[in-house]
1. List the relative contact order of segment 106-243 as a percent without decimals, with contacts defined as Cα pairs under 8 Å and 6+ residues apart.
2. Taking amide H atoms as placed 1.01 Å from N in the peptide plane, list the residues 5 or more away in sequence, or in a different chain, whose amide H sits under 5 Å from that of GLU68.
3. Taking each pair of different alpha-carbon atoms in segment 158-280 once, compute 1/r for the pair, average those values, and report the inverse of that mean as the Kirkwood hydrodynamic radius in Å to one decimal.
4. When N counts the residues of the chain, how does its alpha-carbon radius of gyration compare numerically with 2.2 N^0.38 Å, as a ratio?
5. Amide H of TYR213: which non-local residues (sequence gap of 5 or more, or other chain) have their own amide H closer than 5 Å, using H built in the peptide plane?
6. Test of understanding: ordering ARG324, ARG156 by Cβ neighbours within 10 Å, fewest first, what list do you get?
7. Tell me, how many Å apart are the Cα centres for segment 338-365 and for segment 22-84?
8. How big, on average over all directions, is the shadow cast by the Cα convex hull of segment 44-157, in nm²?
Amino acid sequence: MMMRYALIGCGRISPNHIVAAQKNNLDIVAICDVNEHNMKDKILKFRLPASVKCYTDYKQMLEQEKPELVAIATESGRHAQIALDCMTIGHANLIIEKPIALSLADADRIIETAEREHLKVCACHQNRFNKSIQKIREAIEMERFGRMLYGTAHIRWTRDYAYYSRAKWRGTWEQDGGALMNQCIHNIDLLRWMMGDEIEEVVGMTDRLNHDYIEAEDLGIALIRFKNGAYGIIEGTTDVYPSNLEETLYLFGEKGTVKAGGQSVNVIEEWRFSDILDDPEEVKRMFHENPPNVYGYGHTPLYADVIAAIEEDRPPYVDAAAGRRALELVLAIYQSAATDSIVRLPLGECKTTDFTGRFGGAREI
């Protein structure tokens, strides 16, 4: 019997979720959005069957449809409450779009509720499933790099007035955060994951240089010291002219150097190891994807993993704790920038709204 599935939020990222659900043979029983046009558009565009119900109230949907798996793809500020309701009202397993929440307290509540209700929660950091990233992770786990020295994550994208005016929650502290929290958190997640996860301290700078109609930052730069002695550098911006330039991840170890690039770290551009276990040119050829946009192809394998995690009663490959770690790092950068200080981890309670007014008000869109 196919697993019953529902999607909450039918905006910009929803097509990736619908396609992933279809490719994984989920029984799409319902979609939900406060905007009925968004739902009708997705029904037509993806030829969803007539049996798929449309709801503007997700609680009603949970009670009537009883999905086993729910994906949450709403504005970021609503992720946590919807997730908690899905688990307590609907007893549903979850895929939560990034970021998992906008406060560490909310992330902790999600993790605690999932454990108490014996449910699976996946943070939707789909780039972990890129062919390139999986190959790099394999090298990490085989210890081919030797001692990790440092890594860097660069996200050089653009987001213009039209992007923000289409959804007024974007760029707000209450519902979104800025470039680091929205556009850059995928690569921030990868950097932390690849470099050993455990962080000693963070120094950050953020600014709003070119988007006076949003509240949060459009540029973030950070230095990280990991507990294993390695270092990290993050550079993220939505100020690049005139369009997205690149998303790259560099990893430097005593015995290996790797660069992943392309639209969404989906291409291996450098592959150098002292052990010579494989041909660098062959690796670059085999682990190369060319997705149509920055979202890549990772949603489909992520869905497959979550379905298997439910069936096998194991944690998802990207669990809620992983989502919390990515959130914690972004919030630590925000806190460091706001207080002009070194921030040590683990971070105490922190949320995006702590930084309200950081760059003054936003010009009316």
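1. That works out to 28 percent.
2. ARG4, TYR5
3. Values: mean 1/r = 0.0625 Å⁻¹.
Result for segment 158-280 stands at 16.0 Å.
4. 0.97
5. Under 5 Å from the amide H of TYR213: ARG363.
6. ARG156, ARG324
7. 32 Å
8. Numbers: hull surface 43.3 nm².
Computing the convex hull of the Cα atoms and averaging its projections yields 10.8 nm².
Throughout, read-outs are computed from the coordinates displayed, never taken from laboratory work. Everything numeric here is computed off the predicted structure, so don't read it as measured data. Cβ: placed from backbone, ideal geometry, glycine included. Neighbour counts: every protein chain shown.
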